[in-house]
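Following: one structure in structure tokens, then a few remarks.
The values are calculated or read from the model by the stated rules, or taken from the named source; none is laboratory data. Computed from a predicted model, the values in this text were never measured in an experiment. Heads up, the Cβs are rebuilt from the backbone with ideal geometry, glycines too, and the neighbour counts pull from every protein chain shown. What goes into the accessible areas is simple: the full protein's heavy atoms, side chains included, and nothing from ligands, DNA or RNA. Shrake-Rupley method; radii C 1.70, N 1.55, O 1.52, S 1.80 Å.
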Amino acid sequence: MGIEIYDFGGRTGRNLLLVHATGFCAEAFIPLARDLSDEFHCWGLDLRGHGRSGRPVDGIFDWSGFAVDVAAVIDHLGLDRPDAFGHSCGGASVLLAEQAAPGTFASLYCFEPVIFSGTPSQVPIDDNPMSVAARRRRETFPSPELAFANFSSKPPFSSLDPEALLAYVEGGFEPVPADEGGDGQSIRLRCRRQDEAAIYARGFSHHAFERLPEIGCPVTLSCGEDTDTFGPDLLQMAAARLAHSRVEILPGIGHFGPLQRPAVVAGSILATSGSGDGTTPP
């Protein structure tokens, strides 16, 4: 199983690893990476089962595997204590990676990380609303242009920055093979809907929340003020379990904030990136 790595470029000397949400891909972070390039050299990866990365051989999507992907990329690139940004599943992934190997990161910025305060489930929860919705996702389109037009016309994708949405279509889809009915124009999801459903089903089983006290590096937890997902109350509860933390509530965005208004999220990352204790630098 191969993991695809992206070099988004930027300032030499300080490395930032960007980790995407379930169902998305690293290329959707192109606008965000550009807005961060004056301060960071940005890298990305497609988590297993997403984008151009392979699927796990056993077809099992335990979230600990995403932490393994993150650690493997850092090792492959030879990064020494990079900073990391994670969105949703990506936020949980970088927390899990730091818990698995303390000292991996200099700091973490987690936008609405998928962490639950209850007892982790011992079995996948297959009937959760996100998995149910994923199984209903449209998987193929006649062309990339029609896919972009479709997503642009209906929420939640219609709220995305157009450049980020186009990058998602380009990186998150692949041509339908000719032996499966492809005509050279039709495309299909790289993260297949049954895999996306399986990822959501196992999102209730990891131990990131209960192990938050093990994290010693500064952690910023943020959310959009319009979110209906992981809002301020949950973030404050998580922040109380961290040694060095702050909570940021960003205006005018929801759960898809890093892809809706990349400049807003980049501004928050830059504002919180200069101090060693998780507080905003002067």
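Taking Ala134, is it in contact (Cβ under 8 Å) with a residue 12 or more places away in the chain, open to solvent by less than 30 Å² (accessible area, probe 1.4 Å), closer than 18 Å to Ile30 by Cα and not in a loop (DSSP other than H, G, I, E, B)?
Working: in contact (Cβ under 8 Å) with a residue 12 or more places away in the chain: yes; open to solvent by less than 30 Å² (accessible area, probe 1.4 Å): yes; closer than 18 Å to Ile30 by Cα: no; not in a loop (DSSP other than H, G, I, E, B): yes.
Taking the combined requirement at face value, the residue does not satisfy it.
Determine which single condition Arg136 fails, assuming it passes every other condition in (1) under 28 Å from Ile187 (Cβ atoms); (2) modelled with pLDDT under 95.
(2)
Looking at region 88-100 only, could you name the residues that are buried (at least 24 other Cβ atoms within 10 Å of the Cβ) and free of Cβ contacts under 8 Å to residues at least 40 places away in the same chain?
Of everything in region 88-100, just one residue is buried (at least 24 other Cβ atoms within 10 Å of the Cβ) and free of Cβ contacts under 8 Å to residues at least 40 places away in the same chain, namely Ala97.
Does region 150-167 contain any residue that is part of a strand (DSSP E or B) and of a type outside the set (Ser, Thr, Tyr)?
There is no residue in region 150-167 that is part of a strand (DSSP E or B) and of a type outside the set (Ser, Thr, Tyr).
Looking at Val114, Val94 in this structure, which one is within 19 Å of Ala238 (Cβ to Cβ) and assigned to a loop (DSSP other than H, G, I, E, B)?
On the way: Val94 fails: assigned to a loop (DSSP other than H, G, I, E, B).
One residue alone meets the criteria, Val114.
Looking at Phe141, Phe151, Phe173 in this structure, which one is in contact (Cβ under 8 Å) with a residue 40 or more places away in the chain and surrounded by 14 or more Cβ atoms within 10 Å (Cβ to Cβ)? So that I can check it myself, show each step before the final result.
Working: Phe151 fails: in contact (Cβ under 8 Å) with a residue 40 or more places away in the chain; Phe173 fails: in contact (Cβ under 8 Å) with a residue 40 or more places away in the chain.
The conditions single out Phe141.
Can you name the residue in region 101-119 that is farther than 21 Å from Cys42 by Cβ and polar (S, T, N, Q) and, of all such residues, is least open to solvent (accessible area, probe 1.4 Å)? Spell out how you get there, then give the answer.
At the first step, the residues of region 101-119 found to be farther than 21 Å from Cys42 by Cβ are 101-103, 114-119.
Checking which are polar (S, T, N, Q) leaves us with 117, 119.
On the way: Ser117: 68, Thr119: 131 Å².
Going through the qualifying residues, I end up with Ser117.
I'd like to know if region 181-198 contains one or more residues that are within 29 Å of Pro129 (Cα to Cα), open to solvent by 40 Å² or more (accessible area, probe 1.4 Å), touching a residue at least 24 places away in the same chain (Cβ under 8 Å) and not in a loop (DSSP other than H, G, I, E, B). Spell out the reasoning first.
Just the residues of region 181-198 that are within 29 Å of Pro129 (Cα to Cα), to begin with: 186-198.
Restricting the remaining residues to those that are open to solvent by 40 Å² or more (accessible area, probe 1.4 Å) gives 190, 192-194.
Imposing the further condition that a residue be touching a residue at least 24 places away in the same chain (Cβ under 8 Å) reduces the set to 190, 192-194.
Cutting the leftovers down to not in a loop (DSSP other than H, G, I, E, B) gives us 193-194.
Looking for residues that are within 29 Å of Pro129 (Cα to Cα), open to solvent by 40 Å² or more (accessible area, probe 1.4 Å), touching a residue at least 24 places away in the same chain (Cβ under 8 Å) and not in a loop (DSSP other than H, G, I, E, B), one finds at least one in region 181-198, hence yes.
Can you pull out every residue in region 232-241 that is more than 12 Å from Phe111 (Cβ to Cβ) and open to solvent by less than 20 Å² (accessible area, probe 1.4 Å)?
Once the filter is applied, which keeps residues that are more than 12 Å from Phe111 (Cβ to Cβ) and open to solvent by less than 20 Å² (accessible area, probe 1.4 Å), region 232-241 yields Ala238, Ala239.
Where in region 1-87 are there strands (runs of 3 or more DSSP E), lying wholly inside it, with at least 2 residues that are crowded, with 19+ Cβ neighbours inside 10 Å and of a type in the set (A, V, I, L, M)? Before the answer, list the steps.
Details: elements: 5-10, 15-19, 41-45, 83-87.
Once the strands (runs of 3 or more DSSP E) in region 1-87 are filtered for at least 2 residues that are crowded, with 19+ Cβ neighbours inside 10 Å and of a type in the set (A, V, I, L, M), what remains is 15-19.
Can you run down the residue pairs with Cβ atoms below 9 Å, 6 or more apart or on separate chains, where the first is in region 25-45 and within 17 Å of Gly91 (Cα to Cα) and the partner is in a loop (DSSP other than H, G, I, E, B) and among the aromatic types (Phe, Trp, Tyr)?
So the pair list comes out as Ala33/Phe40.
Which residue out of Val264, Val219 is surrounded by fewer than 21 Cβ atoms within 10 Å (Cβ to Cβ) and either at pLDDT 95 or above or touching a Phe, Trp or Tyr at 6+ places or on another chain (Cβ under 6 Å) (or both)? Show your work before the answer.
On the way: Val219 fails: surrounded by fewer than 21 Cβ atoms within 10 Å (Cβ to Cβ).
Of Val264, Val219, the one residue that is surrounded by fewer than 21 Cβ atoms within 10 Å (Cβ to Cβ) and either at pLDDT 95 or above or touching a Phe, Trp or Tyr at 6+ places or on another chain (Cβ under 6 Å) (or both) is Val264.
Check Ala208 against each of (1) crowded, with 23+ Cβ neighbours inside 10 Å; (2) outside any loop (DSSP other than H, G, I, E, B) and name the one condition it does not meet.
Result: Ala208 passes all but (2).
In the set Gly216, Gly203, which member is over 22 Å from Gln122 (Cα atoms) and not polar (S, T, N, Q)? It would help to see each step written out before you state the result.
Numbers: Gly203 fails: over 22 Å from Gln122 (Cα atoms).
When all the criteria are applied, what remains is Gly216.
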